[in-house]
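All remarks here apply to the structure that follows.
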Amino acid sequence: MGGTPLSLSTPSPSPNGACPYIRGKFETEFSGESGLGSLIFRDRDKLSPRYVPSSLPHREAQLETLSSFYMYKLDRPGGSYLTCCQLIGPVGTGKTACILNFGRAFESEAVKRRVKLRHAYLNCKVDGSNRYKLYRNLLSKVAPEVSTGGMSPEEMLHQLLEYLEAEKMFLMITVDEVGYFYRGSSEPLIYDLTRLNEIYPYKPCRVVGVAFISRSLEFHDKLDESERSTLGRLIISFPKYTASQVRDILEERVEEAFQPGAVSEDVLDFVSEIVADPPINGDMRVALDLLYYAGTLAENMGAERVRPEHVRRVYGETHPAITTQDIIELDVHEKLALYALLRLLEGRASPYATLSEIRDEYEFICEERGLEPRGCFEELMQELLDRQIVEMKSLLKFTICDVPAGKLRAYLNGLLRRLEG
Ligand SMILES: Nc1ncnc2c1ncn2[C@@H]1O[C@H](COP(=O)(O)OP(=O)(O)OP(=O)(O)O)[C@@H](O)[C@H]1O
Ligand SMILES: [Mg+2]
């Protein structure tokens, strides 16, 4: 974000046109419960965005490609070049799940071969959208004992390589949401990471690979010729899932998360069709959210199994717009700024609030909670705009993305409860 001014143009719609799904309405009643004693759930955490399943149906080819790029490096550690690849595909197609799954397999294969190797996963939405924050987080994950105080981004990378050398350790780095990074920054992140092997040219590079993840290749437009060239052309595509693929995937997830027989075949068919069609377009995150809340609703209503009407109600009363993950990724003040906008919209007929109204409400909420408001309020709003959670028609017209007229109230209610929870 780095102090980017609020742009006056209307933010563009989500690049792939997909609308994530809001969990909202049924969230607070159930957070943190286990499946113990539940007729519906065996382990509801298996539907969480944080859970990385060990089996990823319909992503076998992508995982195999990753293996072919990197696994052989364990045969001759230190004897090969830095290999960069890109994982590209629309929202909810398993890019992050695949790299985390692969990273785990890579690390455990390294243990078997007695090679010291780590996979470091960085997400530009969570770990920082500028190099300074990203590299500081990279070091804190890989080399927590190294102090980064006062170091420039370049010095941090030098430190990282020195640490790896001293520890005789190898590293694979993943940078997720790289498209998001380049929307708000023109810093040479890709230049740095694809040329790590040039920092000490006469030594083998201990960073064996860098994987970049993005929903599209649009970020290439921000790179110069030399960056594009070192980034290379190893692209692994993640096409959107079809209805039958969504169904196969859900079948496995349901087995882990639900009691036997709690989710009928009809429900699986119904959810798969909803998810494969527009506006969801195969986003698995929506599929998992839908099942989670349909299951929660069924349980609440004392039902013995999830039925299509539970899915229908969850889908009808909430609305595709913001996922649980979107909320998890916001920091406290970003959540409060969003909360301020929601509180304002909730109490009025118009779907818009002005920037100064939101600022006043935000400061009021901070006061209520005994918190010091963030100095630069515009930056908080810019962050919400960049994440396409908030939409700006003009400085006098802020609203929440993708909410259809007529559904605003039910939607806001759900989102407010989630932010409060
Ligand atoms: N093939 C699959 N098998 C099992 N679960 C899957 C599969 N694909 C995706 N998922 C699940 O769907 C959710 C979304 O997947 P993931 O986070 O990997 O998507 P993504 O491609 O990284 O999306 P985004 O671009 O929005 O970050 C995760 O909870 C993940 O576990
Ligand atoms: Mg992802």
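If I filter region 146-164 for residues that are within 30 Å of M284 (Cβ to Cβ) and open to solvent by 20 Å² or more (accessible area, probe 1.4 Å), do I get at least one hit?
Taking region 146-164 and keeping what is within 30 Å of M284 (Cβ to Cβ), we get none.
Checked against the condition, which is being within 30 Å of M284 (Cβ to Cβ) and open to solvent by 20 Å² or more (accessible area, probe 1.4 Å), region 146-164 yields no hits at all.
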So E273, is it open to solvent by 50 Å² or more (accessible area, probe 1.4 Å), in a helix (DSSP H, G or I), in contact (Cβ under 8 Å) with a residue 24 or more places away in the chain and within 11 Å of ligand 1 (Cβ to nearest atom): no
Whichever residue in region 371-398 is over 20 Å from the mean Cα position of the chain (by Cα) and part of a strand (DSSP E or B) and, among such residues, is nearest to V178 (Cα to Cα): M392
G128 closer than 18 Å to Y191 by Cα, under 22 Å from the mean Cα position of the chain (by Cα), among the small types (G, A, S) and crowded, with 16+ Cβ neighbours inside 10 Å: yes
Scan of region 154-200 for residues that are touching a strand residue (DSSP E or B) at 6+ places or on another chain (Cβ under 9 Å) and under 15 Å from K222 (Cα atoms), ordered by number: E177, V178, G179, Y180, F181, Y182, L189, I190
Candidate set from region 211-229 (those that are outside any helix (DSSP H, G or I) and surrounded by fewer than 22 Cβ atoms within 10 Å (Cβ to Cβ)); member that is nearest to the chain's Cα centre (by Cα): S216
Members of region 184-203 that are more than 24 Å from L100 (Cα to Cα) and either within 16 Å of ligand 1 (Cβ to nearest atom) or part of a loop (DSSP other than H, G, I, E, B) (or both): S185, S186, E187, P188, I199, Y200, P201, Y202, K203
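So which of Y81, Y70 is outside any helix (DSSP H, G or I), more than 13 Å from ligand 2 (Cβ to nearest atom) and over 19 Å from the mean Cα position of the chain (by Cα)? Walk me through how you get there before you give the answer.
Values: Y70 fails: outside any helix (DSSP H, G or I).
It is Y81.
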Pick from region 97-119, criterion away from ligand 2 (no atom under 16 Å from the Cβ) and part of a strand (DSSP E or B), ranking: most open to solvent (accessible area, probe 1.4 Å): R118
Residue list for region 241-269, restricted to those being open to solvent by 50 Å² or more (accessible area, probe 1.4 Å), touching a helix residue (DSSP H, G or I) at 6+ places or on another chain (Cβ under 8 Å) and not in a helix (DSSP H, G or I): T242
Search result, residues across region 204-225 that are within 16 Å of ligand 1 (Cβ to nearest atom), in contact (Cβ under 8 Å) with a residue 60 or more places away in the chain and among the hydrophobic types (A, V, I, L, M, F, W, C): A211, F212, I213, L217
Counted residues, region 131-140 - those being open to solvent by less than 20 Å² (accessible area, probe 1.4 Å) and farther than 21 Å from S214 by Cβ: 1
Those residues of region 120-143 which are modelled with pLDDT of 95 or more, more than 16 Å from ligand 1 (Cβ to nearest atom) and not in a helix (DSSP H, G or I), in sequence order: A120
Condition check for G232: open to solvent by 20 Å² or more (accessible area, probe 1.4 Å), in contact (Cβ under 8 Å) with a residue 60 or more places away in the chain and in contact with a strand residue (DSSP E or B) (Cβ under 6 Å, 6 or more places away or on another chain): yes
Region 344-366 - residue that is open to solvent by 70 Å² or more (accessible area, probe 1.4 Å) and in a helix (DSSP H, G or I) and, of those, farthest from M381 (Cα to Cα): F364
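The values are calculated or read from the model by the stated rules, or taken from the named source; none is laboratory data. Computed from a prediction, not measured in an experiment: that's the story for all the values here. Neighbour counts run over all protein chains shown; Cβ positions are idealised from the backbone, glycine included. The area values use the complete protein model at the heavy-atom level, side chains included, leaving out ligands, DNA and RNA. Shrake-Rupley method; radii C 1.70, N 1.55, O 1.52, S 1.80 Å.
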